[in-house]
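Asks: Quick one: this structure, given as structure tokens, is what I'll be asking you about.
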Protein chains: 2
Amino acid sequence: MSNQVTVSKQTSGKVVTKVSKKLIVATLLYPDFELLDVFGPLEMFGMSRFINQGLELKFVSQTGGAVASSAGPISVCDYSFSDFESCDILMVPGGLGSRHEVNNKELIDWVQVQSDRATYVVSVCTGSAILAQAGVLSNHSATTNKIAFDWVQSFSTSTNWHKKARWVKSDNIYTSSGVSAGTDMSLAILEHLYGREYAEKVAHLTEYAWNDDPENDDFAI
Amino acid sequence: MSNQVTVSKQTSGKVVTKVSKKLIVATLLYPDFELLDVFGPLEMFGMSRFINQGLELKFVSQTGGAVASSAGPISVCDYSFSDFESCDILMVPGGLGSRHEVNNKELIDWVQVQSDRATYVVSVCTGSAILAQAGVLSNHSATTNKIAFDWVQSFSTSTNWHKKARWVKSDNIYTSSGVSAGTDMSLAILEHLYGREYAEKVAHLTEYAWNDDPENDDFAI
């Protein structure tokens, strides 16, 4: 589906991405994922449907079906690994369950394959440990949850890990700091896809005070 | 379950609520609810389990089972109206579906009964239209989504509707402005229940820049 996105350079020198079709965001769920890692970004991505064709939100897990978050609430998946083909934006949340999933070979292999197919790869919080374990962050810049920083960076020694960053963009890979940071990052992704005014409109519709500066990080270590 | 919460007045004159048992937060789901109205507060309430006994998060809907949000993602309920008894904190989210549910007599009657039983009643965004229609906001102060303000306030003429407020507390009733405002309000509820330090710890664990002033409202009309 990567042919749905074309990047052009404007005369100002600012790179603007033009999106011609509805993009599919697939969020990987696993037992004990963190709620806001998922639903902060999905609120912003989902609100896009009121402005243009929007983004289509799908959940995928190893076996499909219902998956419980670490706080209890349960979400229903659209796909299992076996019936999922590809997506435009692959999102990997964090959560207590990531401690287990970094050792789940089938999941790590799936993330590796799908990251190659996706146009953008996104992680929130300790979702970056899963990306790192899958080799996706090798020789890239990235960030992660500040409390779990040492643990996460142990999975990729070739990554330039940022200790002060709300989020980091490295080519087509976006990684955010802990939990709430994913929401700020998701608006930056919408800005990249559809422009500044678009992202600001989504923030306004959701009455969200967007921290739009990736280097403005109150939780830096 | 209201006997689980006792309120005492300290010598400083500041009212501090002491909570002796795990409180149950029941969130009402209906078709086309808004994602972050639900999962912003539940992230903060859920994080409480790392600090003390925490809050227990439950979903309830008219018929139970799976309920789709307006953006697509589906959540699974723990209860239907018929098998739900009561809760400590009743939370009513907003969303496009609220436009339909204000005319759903069974749901409005249920909200009325459960609001009487609950220790706290909470709404996010246009969830306040449902509370207003159920009579819960009569002679109380309240706020709501700024874009839908006129529509919401039409459901309760005896309510003192605040056009500039991130959230409003009126006795045991908390109402927030649109979508993201619910997250700021949820931390104020934790502060009320467990104290300032507790709420700040939850904000820190979630790397959340808490707007802790209910009158600091960038989206006032």
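The values are calculated or read from the model by the stated rules, or taken from the named source; none is laboratory data. Values in this document were obtained by computation on a predicted structure and should not be read as measured data. With ideal geometry, Cβ positions are generated from the backbone for all residues, glycine too; neighbour counts draw on all protein chains shown. Ligands, DNA and RNA are stripped out before the accessible areas are found, and what is left, the full protein with its side chains, is counted by its heavy atoms. Shrake-Rupley method; radii C 1.70, N 1.55, O 1.52, S 1.80 Å.
Asks: Does at least one position in the stretch B:84-105 carry a residue that is over 21 Å from residue A:205 (Cα atoms), free of Cβ contacts under 8 Å to residues at least 24 places away in the same chain, open to solvent by 10 Å² or more (accessible area, probe 1.4 Å) and assigned to a strand (DSSP E or B)?
Replies: No, the stretch B:84-105 has no match at all.
Asks: Right, next: Hey, among B:46, B:54, B:40, which residue is open to solvent by less than 60 Å² (accessible area, probe 1.4 Å), under 21 Å from residue B:200 (Cα atoms), within 13 Å of chain A (Cβ to nearest Cβ) and modelled with pLDDT under 95? Spell out how you get there, then give the answer.
Replies: Values: B:46 fails: modelled with pLDDT under 95; B:40 fails: modelled with pLDDT under 95.
Selected residue: B:54, the only one of B:46, B:54, B:40 that is open to solvent by less than 60 Å² (accessible area, probe 1.4 Å), under 21 Å from residue B:200 (Cα atoms), within 13 Å of chain A (Cβ to nearest Cβ) and modelled with pLDDT under 95.
Asks: A further question follows. If we scan the stretch B:58-72, do we find a residue that is surrounded by fewer than 23 Cβ atoms within 10 Å (Cβ to Cβ), in a helix (DSSP H, G or I) and not aromatic (Phe, Trp, Tyr)?
Replies: No: the stretch B:58-72 contains no residue that is surrounded by fewer than 23 Cβ atoms within 10 Å (Cβ to Cβ), in a helix (DSSP H, G or I) and not aromatic (Phe, Trp, Tyr).
Asks: Inside the stretch A:189-202, can you point out the residues that are open to solvent by 10 Å² or more (accessible area, probe 1.4 Å) and either touching a Phe, Trp or Tyr at 6+ places or on another chain (Cβ under 9 Å) or within 10 Å of another protein chain (Cβ to nearest Cβ) (or both)?
Replies: Listed by number, the residues that qualify are A:191, A:192, A:200, A:201.
Asks: Can you name the residue in the stretch A:150-169 that is within 14 Å of chain B (Cβ to nearest Cβ) and surrounded by fewer than 18 Cβ atoms within 10 Å (Cβ to Cβ) and is also nearest to residue A:102 (Cα to Cα) among such residues?
Replies: Only one residue tops the list, namely A:163.
Asks: If you don't mind, another one. Please verify whether the stretch A:101-109 includes one or more residues that are within 14 Å of chain B (Cβ to nearest Cβ) and at pLDDT 95 or above.
Replies: As a first pass, look at the stretch A:101-109 and keep what is within 14 Å of chain B (Cβ to nearest Cβ): none.
The answer is no, given that none of the residues of the stretch A:101-109 is within 14 Å of chain B (Cβ to nearest Cβ) and at pLDDT 95 or above.
Asks: Continuing with the same structure: Tally up the residues in the stretch B:111-128 that are farther than 16 Å from residue B:182 by Cα, assigned to a helix (DSSP H, G or I) and open to solvent by less than 20 Å² (accessible area, probe 1.4 Å), please.
Replies: Keep residues of the stretch B:111-128 that are farther than 16 Å from residue B:182 by Cα, which gives B:111-119.
Filter once more, so that each one left must be assigned to a helix (DSSP H, G or I): B:111-117.
Next cut, open to solvent by less than 20 Å² (accessible area, probe 1.4 Å) only: B:111, B:114-115.
Total meeting the criteria: 3.
Asks: Output the residue which, of all residues in the stretch A:73-83 that are under 22 Å from residue B:38 (Cα atoms) and more than 7 Å from chain B (Cβ to nearest Cβ), is most open to solvent (accessible area, probe 1.4 Å). Spell out the reasoning first.
Replies: First, the residues of the stretch A:73-83 that are under 22 Å from residue B:38 (Cα atoms): A:73-78.
Keeping just the survivors that are more than 7 Å from chain B (Cβ to nearest Cβ) gives A:77-78.
On the way: A:77: 18, A:78: 72 Å².
Checked the stretch A:73-83; the qualifying residue most open to solvent (accessible area, probe 1.4 Å) is A:78.
Asks: Determine which single condition residue B:131 fails, assuming it passes every other condition in (1) surrounded by 19 or more Cβ atoms within 10 Å (Cβ to Cβ); (2) within 14 Å of another protein chain (Cβ to nearest Cβ); (3) more than 30 Å from residue A:94 (Cβ to Cβ).
Replies: (2)
Asks: Does the stretch B:203-215 hold any residues that are open to solvent by 70 Å² or more (accessible area, probe 1.4 Å) and assigned to a loop (DSSP other than H, G, I, E, B), and which are they?
Replies: B:215
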